[in-house]
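Trainee: Pasting a structure below so you can have a look.
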Amino acid sequence: MTSQTCTLSNGLRIITLPSGSPVSYCGFAVNAGARDETLSEHGLAHFVEHTLFKGTAKRKTWHILNRMENVGGELNAYTTKENTFLYTVFPDSELERAVELLADLIANSVFPEKELVKEREVIIDEIESYQDSPAELIFDDFENLLFDQHPLGHNILGNKRSVRSFTAASCRSFIDRFYTAPNMVFFCMTDKPFRRVVYLSEKYFSQINANNAVLQRHKPDDITPVNIVRKKKTHISHVLMGCRSFDIFHPQRFQLYLLNNILGGPGMNNRLNVSLREKHGLVYTVESNVSACTDTGTFSIYLGVAPENREQAIELVNNELNSLCNRKLSTLQLAAAIKQAVGQIGVAYDNKESRFLGLGKMFLLCNTYEDVGVIISAIRKITAEQLLETANNLLVTSNMTSLIYQH
């Protein structure tokens with residue numbers, strides 16, 4: 001599919017793709033997230049994302065929630081370490097309704113105190129619920145280990161003390177600093193003509209702050225791998241091991257994607273699942289993941305395992321890592337791995353909402369859009385030698401930091 005782009009006079013970038021259906025999507029991607037908070041603002045990016053829905057100069061919460069729902073649409077948002085997304089899904093005939101509402105939320109939110117009181121408690125409940133979910137909590141604790149006091153390490157939700165301190169002024173300050181036209185993109189999947197999208201954008205988005213955002217990001221310092229055991233009231237042991245990884249621009253990112261898919265990706269035939277669960281019956285769950293930011297990334301392996309099986313399970317994980325580092329894939333193994341990965345990408349691409357969000361993130365960070373065909377072509381060109389090189393650059397066991405929750 002061919003994308004179309006333009007930039008408004010205030011610096012807001014716009015990109016569209018055809019939808020190919022009566023359902024359209026549009027939204028804002030903001031180049032600001034948890035890593036852009038100050039020390040006293042932990043959780044503010046997420047808090048702002050929640051409270052944008054709580055009132056504007058002309059709408060109360062109820063009117064905001066019903067604006068898209070009343071025509072069968074949905075309004076959503078989420079926050080990451082580096083970005084915030086605010087978007088809506090709707091019948092194609094309601095494009096102007098969607099554009100006008102998003103503009104109102106971005107430019108005119110007022111953060112009424114009575115709504116902030118309620119939302120503080122909702123988020124504090126969410127923070128406390130993590131304490132009851134060690135399989136989720138361990139990922140946040142692990143990132144704190146990997147990034148060692150760097151802003152990328154702290155929890156997106158923040159903590160109870162910081163959340164209780166947030167006011168309307170805090171929210172407006174964050175909006176004024178980061179929700180500026182040059183620091184955002186408006187992205188859209190619709191079968192409406194591109195000129196219509198541009199017209200509506202010029203009509204409703206001209207009020208958005210045109211100042212340049214100042215991002216004070218720095219790459220995290222190197223760390224020495226550590227192995228930490230923490231006591232938790234949990235029946236099984238939760239184990240997370242991994243290391244810093246490649247950023248989103250790294251030339252070996254596709255090789256790492258394929259290696260992760262082979263090792264512990266979504267397919268049940270991945271090496272970790274076959275070894276630890278199917279062959280030995282040691283684990284409740286096992287998976288590996290990669291995540292990339294603009295200047296670094298993470299690679300991790302998670303397993304839930306009975307305490308008495310933990311050491312054997314970790315040994316088997318290390319065996320699989322060593323195998324990828326020491327033995328080149330055969331021609332048949334490589335061809336099968338590429339075929340599976342290409343198929344998974346094709347299936348994922350069929351999810352329109354996922355494709356839409358990928359469009360926004362890629363254009364925000366890279367100022368371009370790579371069609372799925374480009375990604376598949378890059379995967380198909382990977383050689384066994386390249387995979388072996390990437391494995392030895394990243395997946396050697398001496399690079400791994402580990403965190404274990406046990407009773």
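Trainee: With Cβ to Cβ distances under 9 Å as the rule, what net charge do the other residues near Leu101 carry (K, R +1; D, E -1)? Don't skip to the answer; put the middle values down first.
Mentor: Values: positive: Arg59, Arg67, Arg97; negative: Glu100, Asp104.
Neighbour charge sum, excluding Leu101 itself: +1.
Trainee: Just need the relative contact order of the chain here, percent rounded to a whole number, with Cα pairs under 8 Å and 6+ apart.
Mentor: So the answer I get is 21 percent.
Trainee: Only one of the values [x] 0.95; [y] 1.07; [z] 0.98 was calculated from this structure for Rg/Rh (Cα atoms, Kirkwood Rh); name its label.
Mentor: Calculated Rg/Rh (Cα atoms, Kirkwood Rh): the matching label is [z].
Trainee: For Val347 and Ser173 in the same chain, what is the full-extension length gain: residue separation times 0.36 nm, less their Cα-Cα distance, in nm?
Mentor: Difference between extended and current length: 58.5 nm.
Trainee: In a shell of Cβ-Cβ distance under 14 Å around Met68, excluding Met68 itself, what net charge do Lys and Arg (+1) and Asp and Glu (-1) give?
Mentor: The answer is -4.
Trainee: Suppose only helical runs count, i.e. DSSP H with n ≥ 4. What mean residue ellipticity at 222 nm does that imply for the chain under -39500 (n - 2.57) per run, divided by all residues and rounded to the nearest 500 deg cm²/dmol?
Mentor: -13500 deg cm²/dmol
Trainee: Cα to Cα, under 17 Å, and not fewer than 8 places away if on the same chain: which aspartates and glutamates meet these conditions relative to Lys232?
Mentor: Glu128, Asp132, Glu136, Asp140, Asp141, Glu308
Trainee: Under a point spin-label approximation (7 Å from Cα along Cα-to-Cβ), what is the Asp125-Lys328 distance to one decimal in nm?
Mentor: Calculated label separation equals 5.8 nm.
Trainee: Describe numerically, in nm with one decimal, the distance between label points set 7 Å from Cα along Cα→Cβ at Glu96 and at Ala135.
Mentor: 4.8
Trainee: So what's the angle, to the nearest 10 degrees on a 0 to 90 scale, between helix 95-108 and the longest Cα principal axis of the chain?
Mentor: Between the helix axis and the principal axis of the chain, the angle is about 90 degrees.
Trainee: Taking R0 as 45 Å, what FRET efficiency do you get between Asn399 and Ser40 from their Cβ-Cβ distance, rounded to the nearest 0.05? Write down the numbers at each step before the final one.
Mentor: Working: r = 34 Å, r/R0 = 0.75.
Efficiency computed from Cβ-Cβ geometry: 0.85.
Trainee: How far is helix 352-366 tilted, in degrees, relative to the longest principal axis of the Cα atoms in the chain, given as a value from 0 to 90 rounded to the nearest 10?
Mentor: 90
Trainee: Once label points are set 7 Å from the Cα along Cα→Cβ at both Asn159 and Val229, what is their separation, rounded to one decimal in nm?
Mentor: 2.6
Trainee: Over the heavy atoms of Val110, what accessible area does a 1.4 Å probe trace out, to the nearest 10 Å²?
Mentor: Val110 has an accessible surface of roughly 60 Å² with all protein chains in place.
Trainee: Which entries in the list Lys54/Lys118; Lys219/Lys361; Lys81/Lys114; Lys352/Lys381; Lys118/Lys160; Lys328/Lys381 go over 18 Å, if you measure between the two C-alpha atoms of each?
Mentor: Listed pairs above 18 Å: Lys219/Lys361; Lys81/Lys114; Lys352/Lys381.
Trainee: Using the C-alpha gyration tensor of segment 101-188, what are the square roots of 5 times its eigenvalues, in whole angstrom, with the largest one first?
Mentor: Result for segment 101-188: semi-axes of 27, 19, 13 Å.
Trainee: In whole percent, what relative contact order does segment 249-407 give with Cα contacts below 8 Å and a gap of six or more residues? All intermediate terms of the calculation are to be shown ahead of the outcome.
Mentor: On the way: 157 pairs, mean separation 40.6, N = 159.
Computed value for segment 249-407: 26 percent relative contact order.
Trainee: Which value, in Å² and to the nearest 10, is the accessible area of Tyr199 when all protein chains are kept and the probe is 1.4 Å?
Mentor: 120
Trainee: Would you mind checking segment 173-201 for residues with the amide N under 12 Å from a putative spin-label position 7 Å along Cα→C-beta of Ala210?
Mentor: 181-182
Trainee: Sorted by accessible area with a 1.4 angstrom probe, largest first, how do Val290, Val372 fall?
Mentor: Most to least solvent-accessible, the answer reads Val290, Val372.
Trainee: Cα axis of helix 194-205 to longest principal axis of the chain: angle in degrees, 0 to 90, nearest 10?
Mentor: For 194-205 against the chain, the angle is about 70 degrees.
The values are calculated or read from the model by the stated rules, or taken from the named source; none is laboratory data. From a predicted model like this one, the values you see are computed outputs, not experimental measurements. Every residue, glycine among them, receives a Cβ derived from its backbone with ideal geometry; neighbour counts consider all protein chains shown. In case anyone asks, the SASA skips ligands and DNA or RNA and just uses the protein heavy atoms, side chains included. Shrake-Rupley method; radii C 1.70, N 1.55, O 1.52, S 1.80 Å.
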